[in-house]
Structures are given as C-alpha cells and as structure tokens.
1. Quick one: what pairs do we get from the range 1-19, first residue over 20 Å from residue 47 (Cα atoms) and touching a residue at least 40 places away in the same chain (Cβ under 8 Å), second assigned to a loop (DSSP other than H, G, I, E, B) and β-branched (Val, Ile, Thr), C-beta under 9 Å, 6+ apart or different chains?
2. Which condition number does residue 138 fail, the rest of (1) modelled with pLDDT of 95 or more; (2) in a loop (DSSP other than H, G, I, E, B) being met?
3. Which residues, counting only those in the range 85-110, are surrounded by fewer than 18 Cβ atoms within 10 Å (Cβ to Cβ) and either among the acidic types (Asp, Glu) or closer than 28 Å to residue 153 by Cα (or both)?
4. Within the range 36-65, how many residues turn out to be buried (at least 20 other Cβ atoms within 10 Å of the Cβ) and touching an Asp or Glu at 6+ places or on another chain (Cβ under 7 Å)?
5. Go through 81, 31 for me and flag whichever is under 21 Å from residue 130 (Cβ atoms) and among the charged types (D, E, K, R).
6. Mind checking which residues of the range 15-35 are surrounded by 20 or more Cβ atoms within 10 Å (Cβ to Cβ) and over 16 Å from residue 86 (Cβ atoms)?
7. Please go through the range 1-35 and pick out each residue that is within 16 Å of the chain's Cα centre (by Cα) and of a type in the set (D, E, K, R).
8. Restricting attention to the range 126-135, which residues are part of a helix (DSSP H, G or I) and either touching a strand residue (DSSP E or B) at 6+ places or on another chain (Cβ under 6 Å) or surrounded by 14 or more Cβ atoms within 10 Å (Cβ to Cβ) (or both)?
Amino acid sequence: MNYGQVYYNDVANGVGCRTALFVSGCTHHCKGCFNEVTWDFNYGEPYTKEVEDDIIKSLEPSYIDGLTILGGEPMEVVNQKVVRSLLERIKREVPRATIWIYSGYTWDELTDNSNRRCHSEDTMPILRMLDVLVDGEFIEEKRDLMLRFRGSSNQRVIDVPASLDKGEIVLSRYNDRETSRMM
C-alpha cells in the first residue's frame, strides 16, 4: 500500500485533535473529489514500518484523540490488509485512541459478504475496530458545506459499535449539521 500523506494534529477529519493517514488508491473517482491525486494506487510513498511507528507514536500524547484513515480509499480490498494490521496494532498499543475511516463504500456494501469489490476477509475485523465510519461516495450535486465531517448529504457518520450491536445502521451524534459557534 502507498500513502499520500500523514497529517499530525489534524482537527478537520473527526472529533478532537487527530492523526490523519491518507492512503493511495481509489476506484470511485467521484466528480469534485478534493483529493484526486490519491486515486492512483502508486501515488505517494510506500507505507513502511517506520511510517507506522511514527503514526503509533503520534497517538500516544493524551491530547490526541485518535486516528482517521481516508484517502484515496482505505477500504479498497488491496488496502485492507495493511489497514487491518495498523488498527490491530493501535488497539494493542494505544487502545484509548478512537478510529475513524472515511470510505466511498456504503455500510451495506462493506457488510455484504458477496460484494467482492470491497468485502474481503479483512473487512469485518476492520469494521469491528472502528468507532466511526463515514460512508458513501462524495456526490458533488449534494455538496453541503454545513455538514459536519462529510462533504455531501448522502454520506453518513455511522456509530460502528452501536450499528454492529443492533444489526442496523445507527447514526453517530456527529451526523448533524454544523451550527454557528457565535452567540
């Protein structure tokens, strides 16, 4: 797997101060994508143990809430083995860190065992380690700058543990619209 960049102290891609890993490779090719350069699976640099060590170290300070993985497409089958390994390491070494993934695939696609485009032996183990999944392709015609943590109104901010427990999609409390902070 290649990656485009790692942002440390990121506050745009999830709740709190986070580390954000942008993986390379995406087959969605959404019109209006903010990160087209990461569509190419060969973009960026090879993901290495040294990069992973840096990510783990970045999650250790108490002011860092967790890791967000986006891209590109973290849930492309060819990226899932590396993503799974990283998440397993986080759960062992920094278990308090929350984990968010942004995916153009929907919850229904990812949890469909017969969907070989995005479902592999690694998919469900990955989902079981997530706190939040932001799902769905970006649709330019549904772009809404007032949405929290997503770009278009078709996308959902999903509470993954609650969804797995209930056997149905449970939207996160962060699925609402941004409200003015000015009083």
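1. 16/64; 17/11; 17/64
2. Residue 138 satisfies every listed condition except (1).
3. 88, 93, 108, 109
4. Total satisfying the criteria: 0.
5. Answer to the selection: 81.
6. Of everything in the range 15-35, just one residue is surrounded by 20 or more Cβ atoms within 10 Å (Cβ to Cβ) and over 16 Å from residue 86 (Cβ atoms), namely 26.
7. 10, 18
8. Residues satisfying the conditions are 126, 127, 129.
The values are calculated or read from the model by the stated rules, or taken from the named source; none is laboratory data. In this text the structure is predicted, and so the values were computed from the model without any measurement. Don't worry about glycine lacking a Cβ; one is built from the backbone with ideal geometry, like all the others, and counts go over all protein chains shown.
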